[in-house]
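Q: The following block contains the structure, expressed as structure tokens.
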Amino acid sequence: MEKALRQSTLETLGLGTVLGIFKRGGLPVETSDMVDRVFGPEADRGCMVISGANGIVGAGKTMQFASRLEPFGITIAALDFPGAPAGITKQYAGLASGFGKEQAAKIMNNVVQFTYDGKSLPRQLAAMKPRFLLEAVPEIVAIKKAHYETFRTAFPGIEIRSVTSGFPSKELGVGIAHPAFPHESNKVWEIVEQTPSAVTQLLWSMGMIPAMVSDDWSFVLDVIFCGAMQAACRYSEASNMPGWKVDKYLRQLLGPNPFRAHDAIGTKGASFLTWSCLEHLEQQYGPLFKPAAGLVDRKDSGLSWYPMNHLRPMVNWALDEAGEAELQAWILGPLFQMTSLMLHEKRAQLTQLNRIGELCAQFKNGVIAMARKLGTGKVLALVAAYHKLQPESASSPWYPEEFQQMDRPDWQQLYVNAEHDGKVGVITFSGESYSQEVDAELNRAMDWLQAEGIARVILSGDFHFSTQLAGVDMADFFPALERPEQGTALAMEWSLTARRLHDEFAITVGFVHGKRCLGAFFELFQHCHYLVAVDSADLGMPEVSLPVVPVMEGCHWFFRKAAPEAWPKVLAMLLEGRPVKAGKAVGWLADYAGPLDAAIKACWAIATGESPVPMRPVDASPLAGVPAEVPGLPAANAKVEAGRRAILDAVREACAAPLSEALTIQAGHAGRFLGHPSCKGGSIGAAFAKTAV
Ligand SMILES: NC(=O)c1ccc[n+]([C@@H]2O[C@H](COP(=O)([O-])OP(=O)(O)OC[C@H]3O[C@@H](n4cnc5c(N)ncnc54)[C@H](O)[C@@H]3O)[C@@H](O)[C@H]2O)c1
């Protein structure tokens, strides 16, 4: 029988567990099958219609669907009014730079643009047999409903989804597929359906990220996105702090800069949408959501939130401690009250609720992770402080008891999950970067599997939210820029976590199914006894380009797992920072690489003890003959050169030591370099500077 630490997000899509993928030896559904189900069999294919196709959402989604459906010969009928601004044309440059001119033109061959008067559909549409309508017309309920009526009359049985920001499915009478900005590239969709449909599974199979949410006003994303904007407006009005400066504080506190985001999307349209979501939420839930006065102004005037650069004063000032506490109450108080409402209504599974804020609203940590970090007491105190500042909001729903549940596994395992079938376990990652939070969750997942008696474990992305494993969360390094000893402590801690994969389980297999596995995640995966990857995945250590010294034993572990003949390639990977395709890494960085299905099968065979490939053992003795240079390495800028020297020092010392001592030696190098001027002057220092107010 299968058991899980918490429900996998994949299961919410009706696609089974991650363990199921490995046991089955393949994905639960294939795009070609889902295309057949949504658009009909090849001999009787219909088309997809996108209405409002020249709008902000419509144009972006036309690009996204056209590029993904082109291989299946599905035509996109792009429908809008005559004279609508040419949104699709504007998107073309991006398509051409992403796919190359030739392929972009081929994709556009499958897009047919129609105009009409909003009432009678173009005659020619019928010949294209519309099967699926993605409606992206303005956020006005009467317009949307009339539009569905027109389509249902002409094409009974057509599948319809609305991209609405806020109206529930029960108001519109169609399913919801709410996408996130920027629409041509963001893959996340909030889905409202009774049960996950073929359309939703098609999105998943095409590499998008559908997330099931409940049928409540504004779902999850726009409660968070509009809620942050609302909080920012109210604080700005109460404190008289201009929006651009509030943005600076919010970037530090939360991650997003809501005023800038509204201007970037388009001040008038975005302010209207935020106002519209808040106004409907206010009708449902009261004054917590009452649109701030400034927002009402902007949706009418369309004046941008940011003044021109020269109108921002040069003389800067910062809030004192009491001022910062008040700012936190104004911003976090309402956000946590809104979060309690979403939790109470079970708007989404917690990992999804959390990740939606991170992937679509620029939150550094989603609202759930933020609350967990602060702890129940602090969250409740922030809401209480907010109610003192804004007493009306206290009359809106507020469920403090939701924050008393933080011990539950779904609260505890936001980014890392574990499943097992009694013999083999799988640990899955739902995020893309390694952080303190991920490290703690990974340790808990390993503890759980051990307590369950599982000794064979696969490490993998979650086949849903994690499309790549990209390295570290740079914010975790910020404290070490001033106190390198903290960097050393962090490197020690993470390396000890990684070593558990090697020391405490009978067989561990790292499985890379996404686009890339880099940096700390790659070091972590190297600690598994085996590494299996899809052959197109990029594997590598970009640390030197930041520059930073690898924190999880990369300076000696890779050498210990590779034959001496491969050592020059390992050193080149570390000093150049360029990734290697998994297909070219077999034998020195990976044990098996192949197409996805074959890789899944190989991974399962290894995990179940029927390995088709030999293991690369870790050489625990001091290594002799590790190269000290990479011949022909092109010169780089001074910071990168300093990084190279530091990495070389770490390689030399950690490789010359036995395995038992190498961890401490490498962690020392990694920590010390975080305090080096070249590191502070590089990408990490720059990212840190951006958070300063
Ligand atoms: N802007 C965003 O970032 C965003 C994000 C998520 C969801 N949404 C939702 O997307 C929908 C569209 O918003 P938008 O920002 O793209 O608006 P938009 O004004 O940019 O685009 C709307 C388009 O619809 C066209 N249109 C109007 N009536 C039509 C009709 N009857 N038939 C066909 N076309 C018609 C307009 O000419 C325009 O090109 C709204 O429901 C909104 O809530 C917007």
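Q: Given the DSSP H assignment, sum -39500 (n - 2.57) over each helix run of at least 4 residues in the chain and divide by its residue total; what's the result at 222 nm in deg cm²/dmol, nearest 500? Write down the numbers at each step before the final one.
A: Values: 30 runs with 336 residues, N = 693.
For the chain, the value works out to -15000 deg cm²/dmol.
Q: Provide, as a two-decimal number, the C-alpha radius of gyration of the chain over 2.2 N^0.38 Å, N being how many residues it has. Walk me through the numbers on the way to the answer.
A: On the way: Rg = 26.2 Å, N = 693, 2.2 N^0.38 = 26.4 Å.
With N residues counted in the chain, Rg over 2.2 N^0.38 Å equals 0.99.
Q: Please list the equivalent ellipsoid semi-axes of the range 415-691, computed as the square roots of five times the alpha-carbon gyration tensor eigenvalues, in descending order and whole angstrom. Can you show the working numbers first?
A: Working: eigenvalues 160, 87, 61 Å².
Ellipsoid half-lengths, sorted descending, are 28, 21, 18 Å.
Q: Here's another thing I want to ask about it. List the chymotrypsin sites (Phe, Trp or Tyr not before Pro) in the range 316-411 that DSSP assigns to loop (not H, G, I, E or B) and whose Cβ has at most 13 other Cβ atoms within 10 Å. Which are they?
A: Numbers: sites: Trp317, Trp330, Phe336, Phe363, Tyr386, Trp398, Phe403, Trp411; in loops: Trp317, Phe363, Trp398.
Loop-located and lightly packed - Trp317.
Q: Dipole size in debye (nearest 20) for the chain around its Cα centre, Lys and Arg Cβ +1, Asp and Glu Cβ -1? Write out the running numbers ahead of the final one.
A: Numbers: 63 positive and 72 negative charges, 252 e Å.
So the magnitude is around 1200 debye.
Q: More than 20 angstrom separation, counting every C-alpha pair in the range 411-481; what % is that?
A: Details: 805 of 2485 pairs.
The proportion of pairs with Cα distances above 20 Å equals 32 percent.
Q: Filter Lys346/Lys378; Lys61/Lys90; Lys423/Lys601; Lys639/Lys680; Lys101/Lys187; Lys61/Lys119 down to the pairs with a C-alpha to C-alpha distance above 20 Å, please.
A: On the way: Lys346/Lys378 22 Å; Lys61/Lys90 13 Å; Lys423/Lys601 16 Å; Lys639/Lys680 10 Å; Lys101/Lys187 23 Å; Lys61/Lys119 23 Å.
Violating the 20 Å Cα-Cα cut-off are Lys346/Lys378; Lys101/Lys187; Lys61/Lys119.
Q: Now for a separate question. Remind me, what semi-axes does the range 1-131 give for its equivalent ellipsoid, largest first in whole Å, using sqrt of 5 times each Cα gyration tensor eigenvalue?
A: Gyration-tensor ellipsoid for the range 1-131: 34, 18, 15 Å.
Q: Cα-based Rg of the range 321-438 per 2.2 N^0.38 Å, rounded to two decimals? Don't jump to the answer; show the numbers that get you there.
A: Values: Rg = 15.8 Å, N = 118, 2.2 N^0.38 = 13.5 Å.
After normalising by residue count via 2.2 N^0.38 Å, the value is 1.17.
Q: Further question on the same structure: In Å and on Cα atoms, what radius of gyration and Dmax does the range 46-212 show?
A: 14.8, 43
Q: Would you please give the FRET efficiency between Ala264 and Ser683, computed as 1/(1 + (r/R0)^6) with r the Cβ-Cβ distance and R0 = 35 Å, to the nearest 0.05? Walk me through the intermediate numbers first.
A: Values: r = 23 Å, r/R0 = 0.65.
Computed FRET efficiency for Ala264 and Ser683: 0.95.
Q: At a 10 angstrom cut-off on C-beta neighbours, averaged per residue, how do the peptides 122-133, 185-196 rank from highest to lowest?
A: On the way: 122-133: 15.7, 185-196: 17.9.
Descending mean neighbour count gives 185-196, 122-133.
Q: Moving on. In nm, what is the difference between 0.36 nm times the number of residues separating Lys378 and Ala86 and their Cα-Cα distance? Provide the component values of the computation, followed by the final result.
A: Values: separation 292, 0.36 × 292 = 105.12 nm, distance 4.92 nm.
Taking 0.36 nm per residue and subtracting the Cα distance, the gain is 100.2 nm.
Q: Of Leu79, Ile160, Leu15, which is farthest towards the positive pole of the chain's charge dipole, taken about the Cα centre with +1 and -1 on the beta-carbons of Lys, Arg and Asp, Glu respectively?
A: Leu79
Q: With just the Cα atoms defining each centre, how far is the range 130-206 from the range 503-560? Give it in Å.
A: What the calculation gives is 40 Å, centre to centre.
Q: I've got another one for you. Assuming R0 = 35 Å, can you tell me the calculated FRET efficiency for the pair Asp649 and Thr691, based on Cβ-Cβ distance, to the nearest 0.05? Intermediate values should be presented prior to the final figure.
A: Working: r = 30 Å, r/R0 = 0.85.
So the FRET efficiency works out to roughly 0.75.
Q: Would you please give the FRET efficiency between Lys346 and Asp320, computed as 1/(1 + (r/R0)^6) with r the Cβ-Cβ distance and R0 = 30 Å, to the nearest 0.05?
A: Working: r = 40 Å, r/R0 = 1.35.
Between Lys346 and Asp320 the formula returns 0.15.
Q: Could you work out the relative contact order of the chain? I mean the mean sequence separation of Cα pairs under 8 Å and 6+ apart, divided by the number of residues, in percent. It would help to have the intermediate numbers written out before the result.
A: Working: 1295 pairs, mean separation 77.5, N = 693.
Relative contact order comes out at 11 percent.
Q: Extension gain Ser660-Gln103, at 0.36 nm per residue separation less the Cα-Cα distance, in nm?
A: On the way: separation 557, 0.36 × 557 = 200.52 nm, distance 5.28 nm.
Full extension from Ser660 to Gln103 adds 195.2 nm.
Q: Going 7 Å from the Cα of Asn186 toward and past its Cβ, which residues in the range 202-217 have a backbone nitrogen under 14 Å from where you end up?
A: 209-211
Q: Also, quick follow-up: Near Lys245, which lysines are there with a Cα under 18 Å away, not counting those fewer than 8 places off in the same chain?
A: Lys690
Q: From the phi angles alone, apply the Karplus equation (6.51, -1.76, 1.60; θ = phi - 60°) to the range 290-307 and give each ³J(HN,Hα) in whole Hz, x where the residue is Gly or Pro.
A: Values per residue, Gly and Pro as x: 4, x, 5, 4, x, 5, 4, 4, 5, 5, 7, 7, x, 5, 5, 6, 8, x Hz.
Q: While we're looking at this one, here's another question. Give me the three principal axis extents of the range 626-676 from the C-alpha atoms, as integers in angstrom, largest value leading.
A: Principal extents (largest minus smallest coordinate, Cα): 34, 27, 8 Å.
Readers should treat all values here as calculations from the given coordinates under stated rules, not as data from a laboratory. Fair warning: this is a prediction, and the values are worked out from it, not measured in the lab. Cβ: placed from backbone, ideal geometry, glycine included. Neighbour counts: every protein chain shown.
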